[in-house]
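Participant: Pasting in a structure now, in structure tokens, and then I'll have a few things to ask.
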Amino acid sequence: MSDRDVVDQFTRQVETFVASPHVNAEEPVRRFLALVLPRAGDRALDVACGPGLLAKAFAPRVASYLGVDLTPAMVEKARRIASEAGLGNARFEVADATRLPFPEGSFDLVLTRLALHHMPDPAHALAEMARVLVPGGRLGVFDLQATEDAVEAAELNAIERLRDPSHARTLPLSELCALAGRAGLSVERVDTVSLSIEIEDWLRRAFQPAEASEEVRRRLVPGPRAFGGHPVYRDAAGHLCFDSRYQMLLAIR
Amino acid sequence: MALSKELKDLLVCPKCKGKLEFHEEKGEIHCGACRLVYAIRDDIPILLLDEARPLTA
């Protein structure tokens, strides 16, 4: 998928994305905050910030907060949300994660949430994030998690791509850590968290053709490892759900 | 609304990471080294290589 396709997809998704439980759930953000421990003096950069939802948790805890995203509609939305929330130190601009328009060593903290799985070249993006960090600066990554089983991971990614063509690849934790290492960073801490996602709601939010959704439904039958290694089950109300797994890491330049 | 001085001091060319020239009245940002023009749309500098056009003048 080209950058242009990603921009088109996310321009259509701005409103549903803002309302999505997947990006709004508080517990995963609390866990990410606890892992990253932002500092009052930090100049923070949020790469592929989307509508800037992470800013609400992080901006009040740092000196300055700059979010960048490839999609101008997301940047406009992020500016509006931050201004309504009174986040005086948060700014939002357009930039490509693989070609950041900032000099080396511009930030003390770089964050990226739910973004790497959209990137065809996550290694390149991580190297760019490392470049703009000061020596000793910290990178906090939060993303979807694939299991370490290659067959399960391939199935997970095939289903994710059916549901959202802007999905590139969800990585297993070992590969995420290896990519951070290759970007010249040393991994300090990792954490994982699960979130129960209702499948019909998840499909509705993606705006895909009915056939694609039908194919996803056909593949997602209840089972302990049914969704590429993650459980699929019915909740108390009878809705079909899966456990979405997230991984976080904190790495130092 | 004008771009803040703080932002202009921070931004560099996404390609060569060199200094940019801001021509806000024209809605343009130039990189002399790469001979590229980046647009400013709705107060948002579009510093994307895919959307840059060649600097002709």
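No lab work stands behind these numbers, since they all come straight from the coordinates. Remember, it's a predicted structure, so these values are computed and weren't measured experimentally. When we count neighbours, we look across all protein chains shown, and the Cβ atoms used for this are built from the backbone with ideal geometry, even at glycine.
Participant: Using a 7 Å offset from Cα along Cα-Cβ at A:Ala57, what residues in region A:155-198 end up with backbone N under 13 Å from the label point?
Facilitator: Within reach of a label on A:Ala57: A:191-195.
Participant: Tell me, B:Phe22, A:Phe242 in order of fewest to most beta-carbon neighbours within 10 Å?
Facilitator: Exposure proxy ranking, most exposed first: B:Phe22, A:Phe242.
Participant: Which residue, chosen from B:Leu7, B:Leu48, B:Leu36, occupies the Cα position most advanced towards the positive end of the dipole of region B:5-54, where the dipole is computed from +1 (Lys, Arg) and -1 (Asp, Glu) charges on Cβ about the Cα centre?
Facilitator: B:Leu36
Participant: If you don't mind, there's one more thing I want to ask. For region A:1-100, give the magnitude of the charge dipole about the Cα centre (Cβ charges: +1 Lys/Arg, -1 Asp/Glu; no others), in debye to the nearest 20.
Facilitator: Its charge dipole is roughly 360 debye.
Participant: Okay, next question. What fraction, in whole percent, of alpha-carbon pairs in region B:5-54 exceed 16 Å separation?
Facilitator: 28 percent
Participant: In region A:122-218, if the dipole is taken from +1 on Lys/Arg beta carbons and -1 on Asp/Glu beta carbons about the Cα centre, which of A:Ser213, A:Ala125, A:Asn157 is farthest to the positive end?
Facilitator: Toward the positive end, the furthest listed residue is A:Ala125.
Participant: Here is a follow-up. Add -39500 (n - 2.57) for each DSSP H run of 4 or more in chain A, then divide by its residues: what number comes out at 222 nm, to the nearest 500 deg cm²/dmol? Could you put the intermediate results ahead of the total?
Facilitator: Details: 10 runs with 100 residues, N = 253.
Rounded to the nearest 500, it is -11500 deg cm²/dmol.
Participant: Give me, ordered by chain and number, the residues 5 or more places off A:Leu66 or on other chains with an amide H under 5 Å from its own placed amide H.
Facilitator: A:Ala44, A:Leu45, A:Asp46, A:Arg91
Participant: Here's another thing I want to ask about it. Quick one: check the C-alpha center-to-center distance for region B:5-57 versus region A:26-70, whole angstrom.
Facilitator: Between the Cα centre of region B:5-57 and that of region A:26-70, the gap is 26 Å.
Participant: Using a 7 Å offset from the Cα along the Cα-to-Cβ direction at both A:Asn89 and A:Arg4, what is the distance between the two label points in nm, to one decimal?
Facilitator: 4.0 nm
Participant: Could you work out the local net charge near A:Ala57, counting Lys and Arg as +1, Asp and Glu as -1, over the other residues with Cβ closer than 9 Å to its Cβ?
Facilitator: Here the count lands on +2.
Participant: Turning to a different aspect of this structure: If the only charges are +1 at each Lys and Arg Cβ and -1 at each Asp and Glu Cβ, what is the size of the charge dipole of region B:5-54 around the Cα centre, to the nearest 20 debye? Before the final figure, lay out each step's value.
Facilitator: On the way: 9 positive and 10 negative charges, 63 e Å.
Magnitude of the dipole: close to 300 debye.
Participant: Would you mind calculating the relative contact order of region B:5-54 from Cα pairs under 8 angstrom and at least 6 residues apart, reporting the percent as a whole number?
Facilitator: Averaging sequence separation for qualifying contacts and normalising by length gives 25 percent for region B:5-54.
Participant: Helix A:72-84 versus the longest principal axis of chain A: what angle, 0 to 90°, nearest 10, using Cα atoms?
Facilitator: 70 degrees
Participant: Fewest to most neighbouring Cβ within 10 Å: what's the order for A:Tyr65, A:Tyr233, A:Tyr246?
Facilitator: Going from sparsest to densest Cβ surroundings: A:Tyr233, A:Tyr246, A:Tyr65.
Participant: Continuing with this model, one more query. Treating only the Cβ of Lys, Arg, Asp and Glu as charged (+1, +1, -1, -1), what charge dipole size does chain A show about its Cα centre? Round to the nearest 20 debye.
Facilitator: In total the dipole reaches around 560 debye.
Participant: Would you mind computing, in nm to one decimal, how far apart the modelled labels at A:Ala210 and A:Glu27 are, each placed 7 Å from Cα along Cα→Cβ?
Facilitator: 3.6 nm
Participant: Students often forget the sequence filter, so: which lysines lie under 17 Å Cα-Cα from A:Lys56 once same-chain residues fewer than 8 apart are removed?
Facilitator: Within reach: A:Lys77.
Participant: For each of B:Lys19, A:Lys56, A:Lys77, count neighbouring Cβ atoms within 10 Å of the residue's Cβ, then give the residues from fewest to most. Don't skip to the end; give the middle numbers.
Facilitator: On the way: B:Lys19 12, A:Lys56 15, A:Lys77 21.
So the ranking, lowest neighbour count to highest, is B:Lys19, A:Lys56, A:Lys77.
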